[in-house]
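What follows is one structure encoded as structure tokens, with my remarks underneath.
The values are calculated or read from the model by the stated rules, or taken from the named source; none is laboratory data. On a predicted model such as this, the values are computed, not experimentally measured, just so you know. Cβ coordinates were reconstructed from backbone atoms using ideal geometry, including for glycine residues, and neighbour counts include every protein chain displayed. The protein model used for the area step is the full one, side chains on, heavy atoms only, and it has no ligands, DNA or RNA in it. Shrake-Rupley method; radii C 1.70, N 1.55, O 1.52, S 1.80 Å.
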Amino acid sequence: MNAVDTAIHVAAKSIRLADVTKAYGKVNVIPSLDIEFRSGEFTVILGPSGCGKSTLLQMIAGLERVTNGKILFGGKEVQDLEPKQRGCAMVFQNYALYPHMTVAENMSYSLKVAGMTKPERQARVKIVAGMLGLGDYLDRKPGQLSGGQRQRVAIGRAIIREPGVLLFDEPLSNLDAQLRHDTRIELADLHRRIGATTVFVTHDQVEAMTLADRILILNKGQVEQFDTPKAIYHRPASVFVAKFIGSPPMNILPAQGDGSVLRLSDGQVVGEYGLKGDFQLGIRPENVVVEQGMSGGLAAPVRFREDLGSHSIISVDIAGTPVRIATPFGGVVPDYTRLAVTFPMKALHLFDGQTGKAIPEGFGVASKDGK
Amino acid sequence: MFLGSTMFRHRWLPIFLVAPLAVLVFLFFYAPVFQAFYWSFFLERPFGGGSEYVGWDNFARVLSDPEFWKASGRTVLFMATASSLAVLVPLILAIAADRAVRMSLPARNILVWPKGIAGASIGLVFSFVFNPFVGVLAPLNSLFPGIWNPSFDGFDAYISLIVAHVWGNIPFNFVILLAGLRAIPHTIIQAGAMDGAGPWRRILDVQLPLIMPQLFLTLVLEFTESVTSAFALIDTITKGGPGGATTLLVYKIYLDGFSSYDLSGASTQTAILMVFFILVATLQFVLLGRHINYER
């Protein structure tokens, strides 16, 4: 925006988790993690409830101890340090503002604890409040603010110390859809300006896709995939990732290869394929092609149609498995009770029938050039 | 009625439900208090049978009695020490229990038990506990003869009363304060930790301000409770002695009224005590009540 923005300077630090494990009693929440968040990078940790993503964040923050392993900030071991010694700040899901303090007091509390003089604190509060558009609310208490304003105060409180590491624990989940969208854009902008190493936990794939430099997908405390949003979408490493990303998510059908063709469980032929064995076949709803007329391709009795205006989502049954088809924008599919569809080979993803991991030899454009 | 007709469709039901308690409170609290105010302007015969209106004479007599002022002084001292300790000790226990120190789970339950014990029983137990010959401090006496003897030393007797009072009032205040601490969202404490505040700093800057309503409640109740409930303890532990050292106003009123049969004097002192209570409570609301307004 203007010159004052430059007054927030952070020295971003890389975060490395070296063989980190976490157990609560006998419950092994995180079996073993070995990952690195690059300096200045915006990483989103994505996963279903109970996958260990919040625990991971709390361990980075120092609010939870690691059971085993090391956490390094910029090469320095911090796993045994208190939160205040680690130099990271956190934005909580329910904002966690101090209800008895004003906005200014909330934001400057960490500076006060650190022993900064009042004039210095006030100057810093002014800068941060200016960045977040909170200038008019400095004397209010959190109870007098709207949800979005509280969220900004929470963000202000986190960045005012110029932390090298900035942690977010599902910060947008309490906001309504419009506000969530706006705040998402502001967060991306803020990250560009501040440049702190940011770890952002969410279960919302839209937040992950739009905010992240890289997405870490966790499942039962283990890394399913850690890659750019593009790669995660176009080259999912497992059925879990494939089903988790995309709205509606990728369709998964059991299939078998006999060495020459690939068949669905009811014997219908998808296409020619050279490998033998049991597979799980994945295809994104937007890649399914609806044949004009009802002849050729795979038989797909229609169960349900959702017309969204710009396009439609059609739920069909193929070989006894529910499959969703997204029609192209502006595309009109006749209101038939049965459709004939084809799966273009270049759009197919193949996963191992047992492990669900992507097969490296899996073919098709989607799994090769990432586009 | 404050409650709308949707909740109590029958008009008389709420009154009916409240009536038993209201009757009790009226019979055993309001009626005697009004009676005391009334009698404080009359000279009553000790065994009934007529009275004489004397205006402010009773007040003049009571207020010029040095014993009244001594008892008042002791009362204020007891109120200040006993009630602040009866809030402070449970506060420390509650903070410890909230921080989940070792054994806090059993402690949380055990600490509540004294609430179920009547004041007189507590007094009786403590008169044994503090007995200089067989009590817990008896070994101290055998080491330093005469160092602890509540039946001769007024200060020791005073301490006995305060300890017994604090012990009996730990449960209620503990429960209230612990509930207050528990109601603070965990993430606010975590936010404090992220902001660099250590445990003590967080107690001071975050937890204590957030349990102000509970602290205020316990203090207000404690101020009046410490004065009134002291009666049972005094009567069972010290009988106001030694040499009147533990004769608080409530006990003096009892002695004057029911041992010396000075009904008018006792009534007058009761009236004065009531006015004093009302003033204290008002003052507390004005001074403390202002600082506890915030929205969660």
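Hey, what number do you get for chain A at 222 nm if only DSSP H runs of n ≥ 4 count, each worth -39500 (n - 2.57), divided across all residues, to the nearest 500? Mind showing how you got there, number by number?
On the way: 9 runs with 89 residues, N = 371.
My calculation for chain A gives -7000 deg cm²/dmol from helical runs alone.
Please label the shape of chain B as rounded, prolate or oblate, based on the square roots a ≥ b ≥ c of the eigenvalues of the alpha-carbon gyration tensor (a/c under 1.5 means rounded; beyond that, a/b larger than b/c means prolate, else oblate). Numbers along the way, then the final one.
Working: a/c = 2.07, a/b = 1.24, b/c = 1.67.
Because a/c hits 1.5 or more and a/b fails to exceed b/c, chain B counts as oblate.
Burial annotation for region B:169-198: residues with an accessible-area loss of at least 50 Å² between the isolated chain and the complete set of protein chains, computed on heavy atoms with a 1.4 Å probe, are B:187, B:188, B:190, B:194, B:195, B:196.
Would you mind calculating the gained length between residue A:174 and residue A:116 on full extension (0.36 nm times residue separation, minus the Cα-Cα distance), in nm to one decimal?
On the way: separation 58, 0.36 × 58 = 20.88 nm, distance 3.25 nm.
Full extension of this stretch gives 17.6 nm more.
Overall, chain A carries a charge dipole of about 1040 debye about its Cα centre when +1 sits on the Cβ of Lys and Arg and -1 on the Cβ of Asp and Glu, all other atoms neutral.
Loop-located chymotrypsin sites (Phe, Trp or Tyr not before Pro) in region B:8-106 (DSSP state not H, G, I, E or B) with no more than 12 neighbouring Cβ atoms inside 10 Å: B:12, B:47, B:56.
Give me the extension gain from residue A:260 to residue A:310: residue separation times 0.36 nm, minus the current Cα-Cα distance, reported in nm with one decimal.
Details: separation 50, 0.36 × 50 = 18.00 nm, distance 3.92 nm.
Length gained between residue A:260 and residue A:310: 14.1 nm.
Charging the Cβ of each Asp and Glu at -1 and of each Lys and Arg at +1, and nothing else, the dipole of the protein assembly as shown about its Cα centre rounds to 700 debye.
The accessible-area loss of region A:125-151 on complex formation, taken against its chain alone with a 1.4 Å probe, reaches 40 Å² or more at A:143.
Give the calculated FRET efficiency between residue A:231 and residue A:335 to the nearest 0.05, with a Förster radius of 51 Å applied to their Cβ-Cβ distance. It comes out at approximately 0.85.
Can you give the accessible area per residue of the protein assembly as shown, in Å², using a 1.4 Å probe? Don't skip to the end; give the middle numbers.
On the way: 33210 Å² over 667 residues.
Value returned for the protein assembly as shown: 50 Å² of accessible area per residue.
In this rough spin-label picture, where each label sits 7 Å from Cα along the Cβ direction, the residue A:302-residue B:260 distance is 10.2 nm.
Over chain B, dividing the summed -39,500 (n - 2.57) contributions of all DSSP H runs of at least 4 residues by the number of residues returns a 222 nm mean residue ellipticity of -19000 deg cm²/dmol.
Efficiency by 1/(1 + (r/R0)^6): what FRET value for residue A:49 and residue B:16, r their Cβ-Cβ distance, R0 = 35 Å, to the nearest 0.05?
On the way: r = 50 Å, r/R0 = 1.42.
Computed FRET efficiency for residue A:49 and residue B:16 comes out at 0.10.
Once backbone amide H atoms are built at 1.01 Å from N, residue A:228 has A:215 as its partners under 5 Å, excluding neighbours fewer than 5 places away on the same chain.
Computed from the C-beta positions of residue A:345 and residue A:146, the FRET efficiency with R₀ = 51 Å rounds to 0.50.
Positive-end ranking of A:47, A:143, A:29 along the dipole of region A:3-234, with charges on Cβ about the Cα centre, is headed by A:143. Interface residues of region A:89-115, defined as those with an accessible-area decrease of at least 50 Å² between the chain by itself and the complete set of protein chains (probe 1.4 Å), are A:92, A:98, A:99, A:100, A:109, A:113.
Considering only B:226, B:117, A:301, and ranking their Cα positions along the charge dipole of the protein assembly as shown that arises from unit charges at the beta-carbon of Lys, Arg, Asp and Glu, the one farthest toward the positive end is A:301.
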